[in-house]
1. (1) surrounded by fewer than 18 Cβ atoms within 10 Å (Cβ to Cβ); (2) under 27 Å from Y69 (Cβ atoms): which one isn't true of G269, the others all being true?
2. Where in the stretch 319-369 are there helices (runs of 4 or more DSSP H), lying fully within it, with 1 or more residues that are in contact with a Lys or Arg (Cβ under 6 Å, 6 or more places away or on another chain) and not hydroxyl-bearing (S, T, Y)?
3. Quick one: how many residues across the stretch 101-160 are surrounded by fewer than 16 Cβ atoms within 10 Å (Cβ to Cβ) and farther than 26 Å from V65 by Cα?
4. Looking at this structure, is A62 assigned by TED's automatic domain parsing to the domain that holds Y169, part of a strand (DSSP E or B) and in contact (Cβ under 8 Å) with a residue 40 or more places away in the chain?
5. Just a yes or no: is a residue in the stretch 173-188 surrounded by fewer than 24 Cβ atoms within 10 Å (Cβ to Cβ) and either outside the structural domain of R66 (by TED's automatic domain parsing) or farther than 27 Å from H83 by Cα (or both)?
6. Please state which of the following conditions D68 fails to meet, knowing it meets all the rest: (1) at pLDDT 95 or above; (2) more than 25 Å from V335 (Cα to Cα).
7. Tell me which of these G193 doesn't satisfy, since it passes every other one: (1) at pLDDT below 95; (2) outside the structural domain of L64 (by TED's automatic domain parsing).
Amino acid sequence: MVSLSPTDAARTSAGFDVPAAMQALVVLEPNHFEIQEVPVPVPGPDQVLARVRAVSICGTDAHLVRGDYPGFWPPSFPFIPGHEWAGDIVAMGPGAAAYGWKIGDRVAGTSHDACGVCQKCVEGHYNLCENYGVLSLHKQYGHNVSGADATYVVHGVKAIFHLPDGLSYAEGAVIDPASIALHVANRGGVRPGDRVAITGAGAIGLLAGDAALVRGASRVIVVENNKVRLAKAAAFGFETVDSGGPDPVAEVRAATDGQGVEVVLECAGVPATVQLALGMLRKGGRCAAVGIPTKGVEIPMQRLVLDELELVGCRATAGEMRHVMPLVEQGRMRVRDITTHHFALTDYGQALATLNDPASGAIKIIIEP
């Protein structure tokens, strides 16, 4: 959690002058936030301090600011959100250099800083770390510990990755959601030739369409009711279906010889879209869901059983950060094309209002502290 107590300590490391205080977005309580001056955090063992150059707004951030996950994300207020970011290392805590990091390295961050030793971590599923919630063992930046909506941020070495020289900071701030999109496609088990439907044409949905193509999908059908986002999906070369139409399930089935699609990637997190997703699947199909509904969903269990459908959850990313970077460099994961707006940190309120306005055309908004 963020400490708002004053400090007079000045930090200087290897020629980088780090001030004692910084600007940060501080959420004081649900729907009440301010840009405040707070102490610059000090990196601990195996941690780095980075100057944040770009941080993007995630849909989870909007939920967190509204207080949609009370007592969980965040555990309490005040709180600094933000977990999709890129910047430069300006100071290092004890031991960080042993991992090959140095002052001046350009980095992209991700949220999970897991324990690394539980069974799930050892198996490579650090996003499912069995010590989640034990802050001394597993931190999730911008969720249960302070994040990157600030001038500086501290991250553990397990949660940062080298940002290639060919990528801008703004592109680096979208590496984390791109890796999540690739994780969703991986969890969906997309195979060469599969027909894939995407529910939701936000940042994750559009990038999941790209990820499905990377894995060999023959067709990508994006299902969305926002006309601006449908047009964006069409500009990406995807087929589109208006989920606000009379019968989007029938439309998808008609487009697939009455069978339905092999895979649905559910990226909206709305109960109605989960039901649409399951309805679009052909027999034996698989739905991978990354959207997090804030209320319950009615599941058609009879069809799930009789048609041997699969519904799997997708949490964050599990090793896809390094895999997705060359795809972004090659233009196969089009993070630049989904970035629609740029704001200063001081204009965060306007940025959030833009994100929440369906008519704004906002998909991915970049904040530049």
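The values are calculated or read from the model by the stated rules, or taken from the named source; none is laboratory data. Since this is a predicted model, take the numbers as computed values, not measurements. Please note: Cβ atoms are built from the backbone with ideal geometry, for glycine as well, and neighbour counts cover all protein chains shown.
1. Checking G269 against (1) surrounded by fewer than 18 Cβ atoms within 10 Å (Cβ to Cβ); (2) under 27 Å from Y69 (Cβ atoms), the one that fails is (1).
2. Of the helices (runs of 4 or more DSSP H) lying wholly inside the stretch 319-369, those with at least 1 residues that are in contact with a Lys or Arg (Cβ under 6 Å, 6 or more places away or on another chain) and not hydroxyl-bearing (S, T, Y) span 335-338.
3. 8
4. Values: assigned by TED's automatic domain parsing to the domain that holds Y169: yes; part of a strand (DSSP E or B): no; in contact (Cβ under 8 Å) with a residue 40 or more places away in the chain: yes.
No: the conditions fail for A62.
5. First pass over the stretch 173-188, keeping only residues surrounded by fewer than 24 Cβ atoms within 10 Å (Cβ to Cβ): 186-187.
In the following step, the residues that additionally are either outside the structural domain of R66 (by TED's automatic domain parsing) or farther than 27 Å from H83 by Cα (or both) were identified as 186-187.
The answer is yes, given that some residue of the stretch 173-188 is surrounded by fewer than 24 Cβ atoms within 10 Å (Cβ to Cβ) and either outside the structural domain of R66 (by TED's automatic domain parsing) or farther than 27 Å from H83 by Cα (or both).
6. Every condition holds for D68 apart from (1).
7. Exception for G193: condition (1).
Conditions tested, residue by residue: (1) more than 23 Å from the chain's Cα centre (by Cα); (2) assigned by TED's automatic domain parsing to the domain that holds G193; (3) over 27 Å from A359 (Cα atoms); (4) touching a residue at least 60 places away in the same chain (Cβ under 8 Å).
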{"site": "E239", "(1), (2), (3), (4)": "yes, yes, no, no"}
{"site": "G244", "(1), (2), (3), (4)": "yes, yes, no, no"}
{"site": "E251", "(1), (2), (3), (4)": "yes, yes, no, no"}
{"site": "C267", "(1), (2), (3), (4)": "no, yes, no, yes"}
{"site": "E320", "(1), (2), (3), (4)": "no, no, yes, yes"}
